[in-house]
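Please read the structure below before turning to the comments.
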Amino acid sequence: MDFQEHLATFQEHARRRAEQAEPQPAGGRLPTALIRSIQRFQAGEDGDGASLIAAAERAGDPVYHAAIRLFVAEEQSHAVRLANVLRYAGAAPIGGHWTDTVFVLVRRAGGLRLELLTLMLAEVVALRYYRALRDGCGDDYVSGVAGRILADEERHVPFHLDRLRQGFAAVPAAGRFAVACGWWTLMVGAVSVVALDHGRALRALGVSRRRFAADVLRLFAPMAGSVLRSRPGRGAAGTVLRTGPAGG
């Protein structure tokens with residue numbers, strides 16, 4: 001797998017970010033539950049990515065390693081944008097949240113493949129969350145920020161899927177089946193926690209907990225299949241990007 005195309009895309013978006021100043025308006029109003037929800041997502045985006053970068057470096061592909069470094073920088077730009085949203089609403093970022101702590105501990109328990117398997121749980125949740133925020137917040141500035149982050153996440157998913165398909169291509173079918181069972185278990189657990197923890201915010205955005213969880217699992221299914229089916233392929237990369245309009 002040649003990651004040169006992914007690297008070029010990350011480089012182009014980094015150049016665009018450097019050329020464009022982030023708007024920082026003030027005086028907006030958001031529901032308290034939504035502010036608390038955004039604070040938790042902002043804390044999750046604000047990591048330094050050191051473990052992931054180190055794992056990518058050990059993989060021995062300098063192009064992939066360079067792309068991962070730019071991916072981490074892009075995630076950190078999301079943290080900056082969300083911090084601006086919080087300031088816009090008269091709030092401030094928080095130091096962290098227990099869900100993010102657990103997530104990081106699981107990610108760092110193994111090598112690159114476990115890092116990416118765990119990271120993909122957050123990426124899939126992010127696809128649905130930022131779509132709901134974009135479509136349901138009722139504020140042009142916040143909607144614009146959420147839309148830009150969502151567009152980035154839609155690029156991140158095929159990037160990670162390509163690496164995971166490469167990583168599991170030589171794993172026997174029985175091993176892939178065991179990984180699939182574990183991955184699905186983690187995904188169901190993760191989306192259940194997010195739906196419960198962010199339920200009030202989701203309702204404020206017009207999305208029920210049940211609908212949110214169902215949509216996330218619907219997005220996840222073709223991704224898991226594309227990585228861990230008997231003959232790994234690229235078929236799911238296009239489907240995961242059609243996230244559609246926000247549901248109720």
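Quick note: the coordinates plus some simple rules give every number you see, no bench work behind them. Here the structure is a predicted model, which means the values were calculated and not measured. Neighbour counts run over all protein chains shown; Cβ positions are idealised from the backbone, glycine included.
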For the chain, what value does the Rg/Rh ratio take when both radii are computed over Cα atoms and Rh is the Kirkwood radius, given to two decimals?
-> 0.95
In degrees rounded to 10, the 0-90 angle between helix 62-88 Cα long axis and the longest Cα principal axis of the chain is 20
Contour minus end-to-end for THR32 and ALA221, with contour as 0.36 nm per residue of separation and end-to-end as the Cα-Cα distance?
-> 64.8 nm
Footprinting proxy, TYR129, TYR64: sorted fewest to most Cβ within 10 Å, the residues are TYR64, TYR129
Output the Cα-based Rg and Dmax of the stretch 129-230 in Å, rounding Rg to one decimal and Dmax to a whole number.
-> 15.9, 49
For the stretch 132-143, in order, what is each residue's ³J(HN,Hα) by Karplus, 6.51 cos²θ - 1.76 cosθ + 1.60 with θ = phi - 60°, in whole Hz (x at glycine and Pro)?
-> 4, 5, 4, 8, x, 6, x, 9, 4, 5, 5, 4
Taking Cα atoms, how many degrees apart are the long axis of helix 98-107 and the longest axis of the chain, rounded to 10 and kept between 0 and 90?
-> 20
About its Cα centre, the stretch 27-241 carries a charge dipole, from +1 on Lys and Arg Cβ atoms and -1 on Asp and Glu Cβ atoms, whose size in debye to the nearest 20 is 640
In square nanometres and to one decimal, what's the mean projected area of the convex hull around the Cα atoms of the stretch 1-97?
-> 7.2
How large is the helix-only mean residue ellipticity at 222 nm for the chain, computed as the sum of -39500 (n - 2.57) over DSSP H runs with n ≥ 4, divided by its residue count, in deg cm²/dmol to the nearest 500?
-> -24500 deg cm²/dmol
Convert each backbone phi in the stretch 33-50 into a coupling constant with the Karplus relation 6.51 cos²θ - 1.76 cosθ + 1.60 (shift: θ = phi - 60°), then list the ³J(HN,Hα) values in order as whole Hz, x for Gly and Pro.
-> 4, 6, 4, 5, 5, 4, 4, 5, 5, 5, 5, x, 7, 9, x, 8, x, 4
